[in-house]
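Only one structure is covered here, and it is reproduced in the block below.
A short reminder: the numbers here are calculations on the coordinates, not readings from a lab. Computed from a predicted model, the values in this text were never measured in an experiment. In this analysis, Cβ positions are derived from the backbone assuming ideal geometry, glycine residues included, and neighbour counts consider all displayed protein chains.
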Amino acid sequence: MPHLAQLTIADDADAWRDAGFTVVDGRCTIGTVTVTFVDGSDGIVGWGFAALDDGAAPIDGIPTSAVEQVAPPSDHANGTTTLDHVVVTTPDSARTVAALEAVGLPAKRTRDIGRGMQQVFFRAGEVILELVGPVEPKGEGPAGFYGLAVNVADLDATKAHLGDRCTDPKDAVQPGRRIATLKTRDLGIATAIAFMSEG
């Protein structure tokens, strides 16, 4: 089964370093996922999977690559340990679900979030893919990325390290877990990033 091994992010690598992530030679490894930074300010712009049968064909318009090796994780000053989930958005949930399932990523669960919207969850190795889209199609555009959430060893320590660069922790939707949001706009980061206590 394919597992997420790489994210390509158009963002300021130095800003990520200022947020407590270890960045070396334009790369940052979070758990089993390597983040590769490219020029721009568009946030996540592509992903790569190991054990991907269809190679580098786009998945519902998302630039996709086949990755052979998984890099070892890095230590991060902000306490990040692994990548919990990546949020993907779509105007056509059924179409994007079909595209993900076609490359070997079956939908695991669907959750109605109201106002005609839903979440569909997939497992891609240690990372969860969270697809957010309408119950009924609302357009023909491609799927895209919204942001990501990382797990941290001690959320209070993460907050203490980042200070006012991060919101105060609060209860997460997931029972027994807490979440805090990095103030990415203040730091000049285009990618939405949340920190979560480990479940």
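Assorted remarks:
- Applying the criteria of a DSSP loop state and at most 11 other Cβ atoms within 10 Å to the GluC sites (Glu not before Pro) of the range 59-137 yields E68.
- For the chain, the longest principal axis of the Cα atoms and the long axis of helix 93-102 meet at an angle of about 90 degrees.
- Charge-dipole axis of the chain as Lys and Arg at +1 and Asp and Glu at -1 on Cβ define it, positive-most pick from A66, L4, V120: V120
- The charge dipole of the chain, taken about its Cα centre with unit charges on the Cβ atoms of Lys, Arg (+1), Asp and Glu (-1) only, comes to about 540 debye.
- Extension gain, R165 to D186, is 6.8 nm, computed as 0.36 nm per intervening residue step minus the present C-alpha separation.
- Principal axis extents of the C-alpha atoms in the chain (largest first, rounded to whole Å): 42, 37, 29.
- Gyration tensor verdict on the range 81-177 (Cα atoms; rounded if a/c is under 1.5, prolate if a/b is larger than b/c, oblate otherwise): prolate
- Within a Gaussian network of the chain (alpha carbon springs, distance under 10 Å), most fluctuating of A19, A50, A94: A94
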